[in-house]
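The values are calculated or read from the model by the stated rules, or taken from the named source; none is laboratory data. Note that the coordinates shown come from a computational prediction; the quantities given were computed from them, not determined experimentally. Glycine gets a Cβ as well: all are built from the backbone with ideal geometry, and neighbour counts include every protein chain shown.
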Amino acid sequence: MQNWLKTRFNYLRKQFASKPFVFEELKGVLDEKFHDKEEKLLVMLSELNKEGLLKIELDETDNRKKIYHLIDPKLELLKKEVLDRSDLEGILKEAADLIRTKVDYSFILLLLFYKKVSDKWESDYEKALHESLDVYKLSEEEAKQNAENPTYHDFIIPKEYLWNSLRKESNKLAENFSMAMKVLAEKNPGYKDVFENFDFAQFVSNRENQDILSQLVEIFSINSLDKASSNVLGDAYEWLIRLFAPQKAKEGEVYTPREIIDLLVHLLTPQPNESIYDPSLGSAGMLIGGFNFVKEKFGEEAAKTLFLYGQEANYRTRSIAKMNLYLHGIKNGTPEYGDTLLYPKFRINGALQKFDVVMANPPWNQDGYGEDSIKKGDFWKERFNEYGFAPDQSADWMWIAHMFASSTEDKGRLGIVMDNGALFRGGKERVIREKFVKQSAIECVIVLPEKLFYNTGAPGAILVLNKNKRPETKDKIIFINASNEFIKHPEVRRLNSLSVENIENIVNAYKTFGEKEGFSRAVELKEIVENDFNLNVSLYVYPQDEKEHIDVRKEWNELEKIERELKDVDARLEKYLSELNY
């Protein structure tokens, strides 16, 4: 492309981005900058069209006028018939680079979600339309009305609020999306919090963000998401959450790395027809991890027999969890909103509901949940009275007590990611810990490697409790020191990660109660009592330092060589000094 043409194209992209424009607008913009005559502008339009960088359409309201759209060659490369994981991550990467820190990343999550929902609605509409015409022999008008019936669709979406309808008027994108979210919230009460949680008027509060919204919409408009599998969409959604995790960690949000979730589900091994519960839901990673575990082991139909429950105290995070579940193709999930420690939402016949598998990574050392606060909540006697109350500055053992009370009596098993300090701190926490140890409820204690989490370099620990321990492990706890089980994080230089092999090593030690020096040891409860109920893993298992083999003869020869070299240096130095008459 000639330089004069490239210069003008780049300037126009800054001015219009993906917004359509007419000749008069083009002339006004370029005349101010380059003072081009009309003839040169026409040549420029013709050349850009030949280069495939300009799309020309007739104005629907006036066929004598033309509407121009600039085409971003970089975005054209993102066009694919069927999207795979890397394709979709490429699209999200473009979107993420566009917003940087100017706009909350959750808007990208919403746009991805709504584009999928809209594309699927249109695809389901076409299928229902053909069925109505070909099978039921309805008239064309009747078939169209029938194809809009909610029974064919996951969501109720009036046609004027479908994605492609919203983007027609690029100068009204924020207004159109705002109205769409309001209407969809009313018509889809199950997802009301998702649609009403995003304020597009706030999004475009400055002009720069208006251009960002326009470009985001065009990025997502390049491909249909209907043919993208739930695995691809779900993984891409989580990839985006992970991408922004370091930034969100600074704002106090906690992201549980996927490999930690994989470790938990392999320790707890959810089975078909079981219930899984996460009382600190976050973006629903635990529930999705449990679903995927059963899906990989027993098949998708078996995974659909699971009952998935979660509760999240942050309203917006709960909406992110809902979108995450949907994009993973999971429709058997029930994510509730509320403060779990005070007001657990899941109840049956007025009693606390119980679940087969309970796993969570709740906030560590959460304050504000001392005895006085807890007693203002629901079911406090059923959950906490037997064990006592944690100090006001750390609710770690309140979470454990709640999870234990929420697990079924016959096969309840739970795993919790927690601060390492909860294993050995004294005072009220020691009192609660003693009661759990004496009950022989604790099955396994694992200390994790450091630098696994985005929000802290602390190693963290995993506590596994089981209401149906094997007879041979009844009066024992397996301690696993996994502090050396890590690899360097593939994306974030300052972090570590768990490999498949690391996870297998930890899980095998747990399953077999096997002992390996410096790594794992099954400890009798008697010894733990003697240690004043201290569960600090390093008290029972300490990693062995690798002993370096020393070849004495080789080291001696090396030392003799160094001494000879030093003597040679001394002799030469003495010679130089004598020549200088010192």
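Here are some notes:
- Assessment of the stretch 62-72 against the conditions (under 30 Å from Glu251 (Cβ atoms) and free of Cβ contacts under 8 Å to residues at least 24 places away in the same chain) yields no matching residue.
- Cβ pairs under 8 Å, 6+ apart, first in the stretch 509-523 and at negative phi and among the acidic types (Asp, Glu), second at pLDDT below 95 and surrounded by fewer than 20 Cβ atoms within 10 Å (Cβ to Cβ): Glu517/Gln544
- A single entry from Ala128, Ala95 fulfils the requirement of being surrounded by 14 or more Cβ atoms within 10 Å (Cβ to Cβ), small (Gly, Ala, Ser) and touching a Leu at 6+ places or on another chain (Cβ under 8 Å): Ala95.
- Asn206, sole failed condition from (1) at pLDDT 90 or above; (2) farther than 24 Å from Glu443 by Cα: (1)
- Taken as a whole, the condition of being outside any loop (DSSP other than H, G, I, E, B), assigned by TED's automatic domain parsing to the domain that holds Asp104 and among the acidic types (Asp, Glu) does not apply to Asp226.
- Positions within the stretch 298-308 being surrounded by fewer than 23 Cβ atoms within 10 Å (Cβ to Cβ) and either closer than 21 Å to Ile462 by Cβ or among the aliphatic types (A, V, I, L, M) (or both), in sequence order: Ala302, Ala303
- Residue match in the stretch 133-142 (condition: in contact (Cβ under 8 Å) with a residue 60 or more places away in the chain, surrounded by 13 or more Cβ atoms within 10 Å (Cβ to Cβ) and either under 26 Å from Ile330 (Cα atoms) or assigned by TED's automatic domain parsing to the domain that holds Asn223 (or both)): no
- If the condition is being surrounded by 16 or more Cβ atoms within 10 Å (Cβ to Cβ) and within 18 Å of Arg318 (Cα to Cα), then the stretch 193-207 contributes Asp193, Val194, Phe195, Asn197, Phe198.
- Residue within the stretch 416-424 that is in a loop (DSSP other than H, G, I, E, B), crowded, with 22+ Cβ neighbours inside 10 Å and at pLDDT 95 or above present: no
- Residues in the stretch 248-266 that are in contact with a strand residue (DSSP E or B) (Cβ under 8 Å, 6 or more places away or on another chain) and of a type in the set (Ser, Thr, Tyr): Thr256 only.
The rows are residues; the columns are (1) in a loop (DSSP other than H, G, I, E, B); (2) closer than 25 Å to Pro363 by Cα.
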{"site": "Gly457", "(1), (2)": "yes, yes"}
{"site": "Leu463", "(1), (2)": "no, yes"}
{"site": "Glu472", "(1), (2)": "no, no"}
{"site": "Phe479", "(1), (2)": "no, yes"}
{"site": "Asn484", "(1), (2)": "yes, yes"}
{"site": "Pro490", "(1), (2)": "yes, no"}
{"site": "Ile503", "(1), (2)": "no, yes"}
{"site": "Val507", "(1), (2)": "no, yes"}
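- For the residues Val500, Val447, the requirement of being closer than 24 Å to Arg413 by Cα and surrounded by 18 or more Cβ atoms within 10 Å (Cβ to Cβ) singles out Val447.
- Annotation note: of Lys74, Lys65, Lys79, the sole residue that is in contact with a strand residue (DSSP E or B) (Cβ under 6 Å, 6 or more places away or on another chain) and either modelled with pLDDT under 85 or not in a helix (DSSP H, G or I) (or both) is Lys65.
- Single residue of Lys467, Lys428, Lys438, Lys451 found to be basic (Lys, Arg) and within 27 Å of the chain's Cα centre (by Cα): Lys451
- Test result for Asp104, surrounded by 15 or more Cβ atoms within 10 Å (Cβ to Cβ), over 15 Å from Phe220 (Cβ atoms) and at pLDDT 95 or above: no
- Filter pass, Val431 being in contact with a helix residue (DSSP H, G or I) (Cβ under 8 Å, 6 or more places away or on another chain), at pLDDT 95 or above and either of a type in the set (D, E, K, R) or assigned by TED's automatic domain parsing to the domain that holds Ala522 (or both): no
Residues checked against (1) part of a helix (DSSP H, G or I); (2) at pLDDT below 80; (3) within 30 Å of Val437 (Cβ to Cβ); (4) outside the structural domain of Ile477 (by TED's automatic domain parsing):
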| residue | (1), (2), (3), (4) |
| --- | --- |
| Leu535 | no, no, yes, no |
| Gln544 | no, yes, yes, yes |
| Trp556 | yes, yes, no, yes |
| Glu560 | yes, yes, no, yes |
| Glu563 | yes, yes, no, yes |
| Lys567 | yes, yes, no, yes |
| Ala571 | yes, yes, no, yes |
| Ser578 | yes, yes, no, yes |
| Asn581 | no, yes, no, yes |
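- Which numbered condition Lys33 fails, given (1) modelled with pLDDT under 90; (2) within 30 Å of Ser229 (Cβ to Cβ): (2)
- Evaluated against (1) over 19 Å from Leu414 (Cβ atoms); (2) assigned to a loop (DSSP other than H, G, I, E, B); (3) in contact with a Gly (Cβ under 9 Å, 6 or more places away or on another chain), Asn468 falls short on exactly one condition, (1).
- For the stretch 324-371, the tally of residues that are in a strand (DSSP E or B) and hydrophobic (A, V, I, L, M, F, W, C) stands at 8.
- In the stretch 271-293, residue nearest to Leu233 (Cα to Cα) [restricted to those that are of a type outside the set (Gly, Ala, Ser) and surrounded by fewer than 24 Cβ atoms within 10 Å (Cβ to Cβ)]: Asn292
- Only listed residue being over 44 Å from the mean Cα position of the chain (by Cα) and loosely packed, with under 15 Cβ neighbours inside 10 Å, chosen from Lys55, Lys50, Lys33, Lys6: Lys33
- Residues that are of a type in the set (Lys, Arg), surrounded by fewer than 16 Cβ atoms within 10 Å (Cβ to Cβ), in a helix (DSSP H, G or I) and at pLDDT below 95 do occur in the stretch 170-184.
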